[in-house]
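The values are calculated or read from the model by the stated rules, or taken from the named source; none is laboratory data. Quick caveat, the model's predicted, so the values are computed rather than measured. Note that we place each Cβ from the backbone using ideal geometry, even for glycine, and neighbour counts take in every protein chain shown. Please note that ligands, DNA and RNA were not included when accessible areas were found on the heavy atoms of the full protein model with its side chains. Shrake-Rupley method; radii C 1.70, N 1.55, O 1.52, S 1.80 Å.
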Amino acid sequence: MTQIAPDHRAGISAEASTLCDEIDAEPGSGLLIDIIGPGGCGKTALIEAAARHYVKVGVPVIRDCHASGDLSGASVLIDDAHLLDEADLDRLRQLARSPGQRLLVAHRRWPASPALTVLGSVLTAHRPPIVLGHLDRAALADRVCDLLGAPCPEPLTRLLFEQTAGLPVLLEQLMVGLRDSGQLSTEVLSHLAPRIRLDVPAGVQEQLRYVIEALPAEVRHVLFAATLGAGGDTEKLTQLLETDGPTINAALREAQATGLMTDDGAVVPLVGRLLLRLAPAVHTNRVCEMLAGLQLRRGGSMLPVGQALMTAGAQGPQVATALLAAGNEALGSAPELADKLFTAASAAGTQAPSLLVCRADAAARSGRLDEALRLADKALSNEHAAGRARALGITAAVLAHRGLLSRAAELYRVAGSAGGADYPMIAVPVLAGIGAIGEARQVLAADRQVERAPTLLGGVESLMAHGIEETISGSPVTALSQLTRAATLLESAGSTPLLPDTPAALAALVAMHAGEFGTAHSVLRRAISAGLGGKAAAARHTLLLAFLATMRGHTRDAHALLGSAGVGRLPLEPRDELFAAAAAMALARREGDLAALRRGWLRAREALLRHPVDLYVLLPLGELAVAAARLCEQWWIEPHLHQAEVLLAGLGQPVLWRVPLHWYGTHAAIAGESPEEARRHVSVLAELGAADPYAAMLAGAAGCWMRVLAGTADVDAVVAIARQLAAAGLGAEGARLAGQAAIRATDRKAMTTLLECARLVRPDGSAQAGHPAPVAEQEPAVPGGDPPRQAEVPPRPGGSPRPTGSQHTGVSPAVTLSTREQEIARRVLTGLTYKEIGAQLFISAKTVEHHVARIRRRLGATSRRELFGHLQVMLAPENGAN
């Protein structure tokens, strides 16, 4: 059990500690000190500490201002001077004028009599007073450290500050209560989570109850009304308490003087909760009704009052109306809070028809899409429900998040009709996504004829709509500019509107299709940092960033991002699941992990079944097409690819959206040993390259791949193409191209040049410890080219069981492998050939062979089976292998 430190200076301020040091240094010197502060802020503790220090140095201490005799040789320490009468205060004033007098006077600011003011002016004539008050978080943490005798964990600091508002006496009472209830044990403190809650002991609440009930009635009433949201507003308090202004002002000043209310009119949270618990429900409801009505008449922000009414659990028509208004106010910036306010409004008795729609909106913005659909559907089932167009818009946006763009488009059409118009502007990205570009352009044309309010959200929707249309019939650069500006504008709005997709996500997709990977990364990082789109979009942005990382070959980042998005732990929406499955397959393919590729294919197939093909999933579709070809599962992906081609044809074959699909198509055809199909994709890329530099670069790379596989590639051309790919952000593709060319090189100098090029263009994070050992992608030979040369194949494990400790063949614990030897050993265990290992590590097959021979000698392995046994034991995860 953690003990409260017995140090006599624990519980006093830093200024008080300095004063005690001064007394110890010069106990005989005169000292006039005025000590000011609210109740419970340490005045008494300071007087007691000063008394102890004077007694310790032999100076008499007098605590009573009525003491008789000569006081010149003593130290006079007076607490609660605000309670003294005028005669006593005059005597102290005369004593303060005596030369060399030691006089310390502590008091509150209120009540402030003229005599106390005169005494204070004498005491502070040559020295400023010691002013005590509520502690800030840093000072509170220091005080807790003093009390505990140990550092204060940040979660405990936060909890204590939230409960006590830094009132020192309440802090110490709470610390003692927590200690006695076992909540400050060393074990508890060491495992405090950021969101943990500590229970306030009943004894502490009873201590506080005695303090509250001892207050004058008018002070209790002011504290109660302030707790409900009136704060220090004299006008509100006057109307709520039905009394005059001077009385309210006096009660306010006395409430602040107790320390239970801060100078800005906020009641200490522990005090406020206890006041609400002690007050009869009828009284609470009556005051809350009056407060809600007053705020509704005055106008302005309803959020502070709404939160207070929610905490009070009040009921009544005006309370319900105020809670509903507060919920709508919080909807844009704090949807979770809005949801709580709407729930409180329902409990308060609201009959507003729009409440269901409001709750659906809050649930959708908070990421609870199932709940949002249920609530919106319930609202739509009522033919006369208010906000029908809003409910339809919510349902459409949720369905778009789930990838059902066709159904979302239908609902946007109905929503527009319900609102007395055609499609809303935000429907344009949805319409374009399903190929209905004609309807999308009609929406844009109609919007130009309508004068709309120049709101931030309207600007975001307009930029998104025009940006998506520009990707189909205009300039990708212009489109990217418009979508990026929409994301920036939404970030400036500081709200979380419910959209079918975020402008940041659309901008990133356009940037990835255009080969602007740096822009995509920047837009997504900003969106994640700003929380753009709220919880509903958090996974979307993170998974897009993970997919981008796989495209760029940054596999370490991709693994981390997939983990942070909750992949494998949390259920994802179909759209997010498709990108997550594709990213996982991309990682397995780039790392050569054939087992992971096979495992991931089952998940990818299910994701494809749940998500229809639309314009915004062409990238994962292309990645899965390559994986399907690697696994001879082309028949599964072909219908989806056909749908994509039909979609693009309906859009007029936009260059931007076609390029990556044909790049992936080239690699899928190569992996599936379909040279004619591969040549078709290369030919299309070449045609697209006439209008798009990125397509031209990919067309050159695709053609180079074909020549490499045919054995006719020129070394200088391969190096140039690999460098172009790296410069475009596709360093992993460039390294793989150069590596495959090196495998097929017949000249040692050419092989060395290509391997060096592969090492130079390979991006950071393309191979790292801690992930499954790669299995090389086998590139099939293209008819007409030389077949791949065979290399010595090291023995495969054959599925033999991993040796246990008792089966260990005697490797000395002192034998360790270098990083390079571990890389090679891991790949040997997967059954790769020396040439395949060399291609992945950009070294020659002969070098791999030398490494394997050296490993065998160091381990003392006399057979291949024994070598595999040793390596399986040494590199097992439970043995700490990386």
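The figures follow:
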| quantity | calculated |
| --- | --- |
| Other-chain or far-sequence residues with amide H under 5 Å of L32's (modelled H) | L103 |
| S529, S121, ranked by accessible area, largest first (probe 1.4 Å) | S529, S121 |
| Degrees, to the nearest 10: 845-859 long Cα axis against longest axis of the chain | 60 |
| Mean separation of Cα contacts under 8 Å, 6 or more apart, over the residue count of region 507-632: relative contact order % | 20 |
| Stretchable slack from N382 to A690, in nm (0.36 nm times residue separation minus alpha-carbon distance) | 105.3 nm |
| Sites A445 and T478, calculated FRET efficiency, Cβ-Cβ separation with R0 25 Å, nearest 0.05 | 0.85 |
| Electrostatic dipole magnitude of the chain [Cβ: Lys, Arg +1; Asp, Glu -1; Cα centre; debye, to 20] | 2680 |
| At 0.890 mPa s and 25 °C, Stokes diffusion of region 598-733 via Kirkwood alpha-carbon radius, µm² per second | 159 |
| Contact order relative to length of region 79-185, as percent, for alpha carbon pairs under 8 angstrom and 6 or more apart | 21 |
| Computed lengthening from D747 to E235, 0.36 nm per intervening residue step minus Cα-Cα distance | 175.1 nm |
| Check: region 511-587 dipole with +1 on Lys, Arg Cβ and -1 on Asp, Glu Cβ, in debye | 180 |
| Estimated [θ] at 222 nm from DSSP helical runs (n ≥ 4, -39500 (n - 2.57)) normalised by residues in the chain, nearest 500 | -20000 deg cm²/dmol |
| Residues of the chain: accessible area per residue with a 1.4 Å probe, Å² | 43 |
| DSSP bridge orientation in the chain - percent antiparallel, rounded to nearest 5 | 5 |
| Calculated FRET efficiency for the pair S564/L602, C-beta based, R₀ 22 Å, to 0.05 | 0.40 |
| Sequence-separation-based contact order of the chain, relative, with Cα cut under 8 Å and 6+ spacing, percent | 6 |
| Computed accessible area, E645, all protein chains, 1.4 angstrom probe, square angstrom | 90 |
| Difference of contour (0.36 nm per residue) and Cα-Cα distance, L83 to L609 | 181.4 nm |
| Charge dipole magnitude, Cβ of K and R +1, D and E -1 - region 366-408, Cα centre, debye nearest 20 | 60 |
| Crossing angle, helix 864-874 versus the chain [Cα axis fit, 0-90 degrees, rounded to tens] | 20 |
| Estimated inter-spin distance, D90 and A125, nm [label 7 Å along Cα→Cβ] | 1.8 |
| For M290, solvent-accessible area (1.4 Å; no DNA, RNA or ligand), Å² | 50 |
| By accessible area with a 1.4 Å probe, ligands and nucleic acids excluded, highest first: order of R759, R658 | R759, R658 |
| Accessible-area value, K340, 1.4 Å probe, nucleic acids and ligands omitted, Å² | 130 |
| Cβ crowding within 10 Å averaged over residues, with 310-321, 90-101, 167-178, 844-855 ranked highest first | 167-178, 310-321, 844-855, 90-101 |
| Separation in nanometres of the label points that stand 7 Å from Cα toward Cβ, at Q643 and R858 | 5.2 |
| W636/A138 FRET efficiency (R0 60 Å; Cβ-Cβ; nearest 0.05) | 0.50 |
| Selection from L602, I637, A671, by position along the positive dipole direction of region 582-688 (Cβ) | L602 |
| Of T550, A537, L457, farthest towards positive along the dipole that unit charges on Lys, Arg, Asp, Glu beta carbons give region 450-575 | T550 |
| Sulfur and carbon atoms: percent of accessible area, the chain [1.4 Å] | 53 |
| Kirkwood estimate for the chain, i.e. one over the average of 1/r between Cα atoms, Å | 33.4 |
| Extreme residue, positive dipole direction of region 294-444, given options G387, P353, V305 (C-beta unit charges) | V305 |
| Pair T243, E756: separation of 7 Å Cα→Cβ label points (nm) | 9.1 |
| In degrees, nearest ten, helix 317-330 long axis to first principal axis of the chain (Cα) | 50 |
